[in-house]
Every structure is written in C-alpha cells, then in structure tokens.
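Colleague: Just passing along the structure, written as structure tokens.
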Amino acid sequence: MKKDIAYSLKEATKKLEAYCAYQDRCHKEVVSKLKEMGMIPVAIDEIVGHLIKENFLNEERFARSFARGKFNIKKWGKNRIINELKQRGITKYNLTSALKEIDEETYVQTLEQLAKRRLGQISETNLLKKRKKLADYLLYRGWESPLVYEITKRLIP
C-alpha cells in the first residue's frame with residue numbers, strides 16, 4: 001500500500017513540471033495526477049494555470065504529437081485517433097489541428113501496406129470470411145469504412 005505523502009504547492013508544481021517535460025500531456029492526465037497526489041481543487045487550478053503559462057502544458061501540441069505518434073508507430077486510422085483524443089477531452093479545434101499532422105498520401109500508402117501485411121497473416125480459405133477478417137482488423141485500428149471496403153475488395157477479388 002502506498003504511503004500518503006503531503007505535497008506543498010511548490011513541490012507539486014515542480015513534480016508536475018517534470019511530469020509534463022518528460023512527454024506531452026493533456027489537461028485530463030495532469031488533473032488526474034494532481035488528484036492522485038491529494039491536491040485540493042484550488043491548488044490544482046493554480047498548478048494547471050502555471051503549467052499552461054510556462055508552456056509545460058499545451059493541448060494543441062499534445063494532440064498533434066499524439067496523432068503523429070499513433071499513426072506513425074501504431075498505424076492507427078483517423079477514427080481511432082479521434083476517439084482516443086475525445087476520451088482525453090481534446091477540443092474540436094485541436095482535433096482538427098492534430099489530423100493535419102497526417103499526410104493524405106502517406107495515410108493511403110500506410111493503409112495499403114497494413115492491409116497487405118495482415119492479408120499475408122490470414123490463413124482463411126473462404127474468400128468472404130477472409131475479406132471480413134481483413135476488414136474487421138482495419139476497422140478496429142480506426143481506418144474509415146469506405147477506404148477499408150475499397151481496399152479489401154481490391155486485394156481479395
């Protein structure tokens with residue numbers, strides 16, 4: 001069991017500066033961390049205000065790097081990225097800004113590579129079931145339905 005530690009405003013602020021400097025965070029993560037530390041609402045507001053003012057906390061920067069990372073590393077589609085950002089309380093403006101980080105041409109090429117790679121892993125012989133498995137996989141990863149159905153029909157005629 002974790003021992004309760006009381007943090008002063010200054011200590012909590014320093015700790016959260018380090019937390020935000022390590023990687024971009026959204027407001028929700030920071031507030032959650034502060035609550036975990038046992039900070040009162042007035043202190044939370046003051047610390048979050050300080051982090052924003054000092055540019056440790058920037059929601060647009062967070063949204064952009066999140067979208068870039070999930071697309072480039074995890075090969076997520078736009079739907080999954082949008083849903084994950086919405087769960088973190090990101091505004092519509094920042095969602096739009098985040099999606100601009102993904103180049104359209106690269107997006108389509110990535111879908112193509114992902115679909116071909118996954119197709120090589122599916123051992124199903126029934127063409128309809130094979131197409132469904134491929135489509136389900138791509139939809140789960142957040143790729144848009146029209147793109148998914150177009151590529152599955154093209155790869156599995």
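The values are calculated or read from the model by the stated rules, or taken from the named source; none is laboratory data. Please read these numbers as outputs of a predicted model, since none were measured by experiment. Here the Cβ positions follow ideal geometry from the backbone for every residue, glycine too, while neighbour counts run over all protein chains shown.
Colleague: Examine the stretch 131-141 for a residue that is without any contact (Cβ under 8 Å) to a residue 12 or more places away in the chain, at negative phi and acidic (Asp, Glu), and state whether such a residue exists.
Modeller: yes
Colleague: Here's another thing I want to ask about it. Restricting the search to the stretch 115-130, which residues are surrounded by fewer than 18 Cβ atoms within 10 Å (Cβ to Cβ), in contact (Cβ under 8 Å) with a residue 24 or more places away in the chain and under 27 Å from the mean Cα position of the chain (by Cα)?
Modeller: Scanning the stretch 115-130 gives Lys116, Leu119.
Colleague: Any residue in the stretch 112-129 that is touching an Asp or Glu at 6+ places or on another chain (Cβ under 6 Å) and either assigned by TED's automatic domain parsing to the domain that holds Glu150 or at pLDDT below 95 (or both)?
Modeller: Among the residues of the stretch 112-129, not one is touching an Asp or Glu at 6+ places or on another chain (Cβ under 6 Å) and either assigned by TED's automatic domain parsing to the domain that holds Glu150 or at pLDDT below 95 (or both), which makes the answer no.
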